[in-house]
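Notes to accompany the following structure.
The values are calculated or read from the model by the stated rules, or taken from the named source; none is laboratory data. None of the values given here were measured: they were computed from a predicted structure. Because the Cβ atoms are built from the backbone with ideal geometry, glycine has one as well, and the counts that use them run over all protein chains shown. For accessibility, only protein heavy atoms count, side chains too; no ligands or nucleic acids. Shrake-Rupley method; radii C 1.70, N 1.55, O 1.52, S 1.80 Å.
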Amino acid sequence: MAIASGTLLFLIHGLLGGWLILKLGAVVAMVAAHGCFGWLILRLEMGHYRWVKPANWAALCLALAGILSVLGFVLAKPLDWS
């Protein structure tokens, strides 16, 4: 939903600010972390426990980095990012 609405901002309103591109990149990172968590759940359900703990920490760091980045970009939006 967030990626689709951000893409519509590009297409309909012609907004191409640097902050928007960075924010969409951070949203993509959060989506990737979400997919990684789903993959890890499937591995646990199948009984494959190897590398789950390090991958879990990596996905958590990716998700937190995406969340904090989006928060930072949204709060800093009034600044000139062009």
Which members of region 41-65 meet the condition of being more than 20 Å from residue 29 (Cα to Cα) and either touching a Gly at 6+ places or on another chain (Cβ under 9 Å) or among the basic types (Lys, Arg) (or both)?
43, 50
Whichever residue in region 72-82 is hydrophobic (A, V, I, L, M, F, W, C) and in contact with a helix residue (DSSP H, G or I) (Cβ under 9 Å, 6 or more places away or on another chain) and, among such residues, is modelled with the lowest pLDDT:
81
Please go through region 32-56 and pick out each residue that is within 17 Å of residue 70 (Cβ to Cβ) and open to solvent by 80 Å² or more (accessible area, probe 1.4 Å).
34
